[in-house]
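Q: One structure follows; several queries about it will come next.
Since every read-out is calculated from the coordinates, none of them should be taken as a lab result. This one's a predicted model, so the numbers in the text were calculated from it and none came from an experiment. Here the Cβ positions follow ideal geometry from the backbone for every residue, glycine too, while neighbour counts run over all protein chains shown.
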Amino acid sequence: MATATASVAGGRPARVRRPASRHSLTKGPALGLGVLMVWFSLLVLIPLAAVIATAGEDGWGVFKDALTNEQTLNALKLTVFSSIGVTALNIVMGTIIAWVLVRDRFPGKALLDLVIDIPFAMPTIVAGLVLLSLYGPESPLGIEVNNTRKAVFLALAFVTVPFVVRTVQPVLEEMETDVEDAAASLGASRATTFRRVILPTLTPAIFAGATLSFARAISEYGSLVLLSGNLPNRTEVASVRVYSAIEGGNQQSAAAVATILLLVALVAIIVFDVIQRRLARRG
Amino acid sequence: MASTQSNVVGAGSPALKWLLRIVVVGYLFMLIAWPSLYVVRRAFEGGVSAFLDVLSDPGVTHALQLSVKIAVVATLINLLFGVGMSLLLVRYEFPGKRALSALIDLPLAVSPIVVGLALILVYNGRYGWFGPTLEDNGIQIVFSFPGMVMATTFVALPLIIREVVPVLEDMGDEQEQAANSLGANGWQTFWRVTLPGIKWAIVYGVVLTFARSLGEFGAVKVVAGNVSGETTTAPVLVQQKYQNFEQQTAYAVAFILVAFAVVSLIIVALLRPKDHKPARATATAAIQEKI
């Protein structure tokens, strides 16, 4: 979860400027920490541990059942592949959007800045309904994607728009254009400058955003409920499988799929981190 | 103005500039802006009176009130937790701090459905780890208000901390130390020195938390179960109404939620420049100079 930690600190390296003094805990703050930790454990840590414990209660059997169940397997595949696709789209579009927001100036840009945050603030079920109104059965455009795999992709693309944009934007803002000028004056073409000077600087931010975007995409539920139709083996995603298992009273298999999802998120965080390091080294 | 001296990407080639503009505006318009605006049209299809009729439906008012109540309580809890935790993480040193700061972001990577599942596995009155004991003592969490508040608090947990921590780090603690050396006690230092410094970060975090809480769907749905209309929140009502072919009602409630989301964003946009404008303005100015 290295990326997650970094983003708590606002995307900057955690130990750049160590404040003059950090106090060790005295009685008052120690008590405060204790109270907050009890609440955090009761709310987050113990419940998440319960998911993993429930899934693992009878050994690997439950996981095997989950992974050999065709419907679950299809749901997991759809979730992972759509999320990879959407994340790739966000890497490209998010970087371009951030670029235009920082480097270009045109009337209405502030409005554009606002629009990007709408998916963050909009309730997920409403996001689904909103997309359904334009791309659903009564589409004024004649584009009907509801109950297809395209709908899954559309919904995931909608809810993940802000991630890459919002991580790349601040880095681009702080970037000095002098270096680019220097590269240009040394005869680098615009494309070369972009590839050799700008892109390497942006890579960590792009991948931090991509990681968040992927994690969000594999766990999405609300926006898909109305839009995708949840057709078994076709448009049903992993979260929906978990929900149906809960509804059916099969907590253990729900926990198994949930644990697999948590694992996928963890693996993704590690993979993105590795790719980013490789790219940074080459740049 | 149009000096060709600078080769800064994006400052040159008008063709590329226009291409990027059109791609970005087109993408965001088709994906976000148009659909969001279209909901307004659907909500008011039957005229304003039909819209108002929907809002006077007791089921709808109950769901909206319930959502607001849950969001208020969840936001207050996260406000206390968030500010306290941020201060501890930034100003104090203790074992396991890095791990804790990673764990705090965990709710962002967990599916809302898994959040709901996690809570019922622990707090369900029949089979949960703590549920039966709590129920014996007259405390019901799952299928009632406390559980819905917990689910909402869970999903919105990191938002305030993510806003406050960077501001606290930037601020440093020189002023706090000065206050201390002048004889201020812990509370005085917090109220007079620390709090004014992180005020806007807190406000921003609170608006985000409230907006997120009001719209939480998956986690609340799992924890609330199918217990009649008593535990139906506004987002859950949107789903029910749409699936019961009461689309007018679904769109009307959705419109209220969208309107609220957009208003929160505008509030935040108006508040935020106070902290960030200088940096952004100088960056833009620098680029302009070059053009």
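Q: Within 10 Å of each Cβ of A:86-96, how many other protein chain Cβ atoms are there on average?
A: Mean number of neighbouring Cβ atoms from other chains: 1.
Q: Okay, next question. Which whole-number percent is the relative contact order of the range A:58-282 (Cα, under 8 Å, 6+ apart)?
A: 31
Q: Just want to confirm a number: the relative contact order over chain B, from Cα pairs under 8 angstrom separated by 6+ residues, in percent.
A: That works out to 27 percent.
Q: At 18 angstrom or more along the helix axis (alpha-carbon based) and mean Kyte-Doolittle of 1.0 or higher, what helices does chain B contain? Whole DSSP H runs only.
A: Answer set is B:14-28, B:58-91, B:195-215, B:247-271.
Q: Under 25 °C and 0.890 mPa s, how fast does the range B:57-134 diffuse according to Stokes-Einstein, given a Kirkwood radius computed over C-alpha pairs? Answer in µm²/s, whole number.
A: Stokes-Einstein gives a translational diffusion coefficient of 157 µm²/s.
Q: Still on this structure: Just how large is the dipole of the range B:44-286 about the Cα centre, in debye to the nearest 20, putting +1 at every Lys and Arg Cβ and -1 at every Asp and Glu Cβ?
A: 360
Q: Right, another one. B:R42: net charge of surrounding residues, Cβ under 13 Å, Lys/Arg +1, Asp/Glu -1, itself excluded?
A: Charge balance near B:R42 sits at -1.
Q: When 1/r is averaged over all different Cα pairs and the result inverted, which Kirkwood radius in Å belongs to the range B:44-286?
A: 20.3 Å is the Kirkwood radius here.
Q: Using the number of other C-beta atoms within 10 angstrom as an exposure proxy, rank A:R281, B:R91, B:R192 with the fewest first.
A: If I rank by nearby Cβ atoms, fewest first, I get A:R281, B:R192, B:R91.
Q: Take the alpha carbon atoms of the range B:171-229, find their center, do the same for the range B:80-152, and report the distance between the two centers in whole angstrom.
A: 17
Q: Can you pull the mean other chain C-beta count within 10 Å for peptide B:250-262?
A: Mean partner-chain Cβ count within 10 Å for B:250-262: 5.
Q: Here's something else I'd like to know. When all alpha-carbon pairs of the protein assembly as shown are counted, what percent fall beyond 45 Å?
A: 17
Q: Quick one: dipole size for the protein assembly as shown, taken about the Cα centre, charges +1 on Lys/Arg Cβ and -1 on Asp/Glu Cβ, in debye to the nearest 20.
A: Rounded to the nearest 20 debye, it is 1440 debye.
Q: Between rounded, prolate and oblate, where does the range A:58-282 land on the alpha carbon gyration tensor, with a ≥ b ≥ c its root eigenvalues, rounded for a/c under 1.5, else prolate if a/b exceeds b/c?
A: Note, shape of the range A:58-282 comes out oblate.
Q: What is the average number of partner chain Cβ atoms found within 10 Å of a Cβ in A:213-223?
A: 4
Q: Under a Cβ-Cβ cut-off of 14 Å, what is the net charge of the residues other than B:L19 that fall near it, where Lys and Arg count +1 and Asp and Glu count -1?
A: Here the charged neighbours net out to +3.
Q: Using the structure shown, select from A:K150/B:K97; A:K150/B:K221; A:K109/B:K97; A:K109/B:K199 the pairs with a Cα to Cα distance greater than 31 angstrom.
A: Violating the 31 Å limit, Cα to Cα: A:K150/B:K97; A:K109/B:K97.
Q: A follow-up question, please. If we sort A:76-86, B:147-157 on the protection proxy, mean other Cβ atoms within 10 Å, highest first, what's the order?
A: Descending mean neighbour count gives B:147-157, A:76-86.
Q: Given a Förster radius of 45 Å and the C-beta distance between B:T133 and A:V267 as r, what FRET efficiency does 1/(1 + (r/R0)^6) yield to the nearest 0.05?
A: 0.80
Q: Counting other C-beta atoms within 10 Å, which of B:I161, A:I218 has the fewest, and how do the rest follow?
A: Arranged by neighbour count, lowest to highest, B:I161, A:I218 become B:I161, A:I218.
Q: Among A:R103, B:R41, rank each residue by its count of other Cβ atoms within 10 Å, from fewest to most, as a rough exposure measure.
A: By the 10 Å Cβ count, ascending, the order reads B:R41, A:R103.
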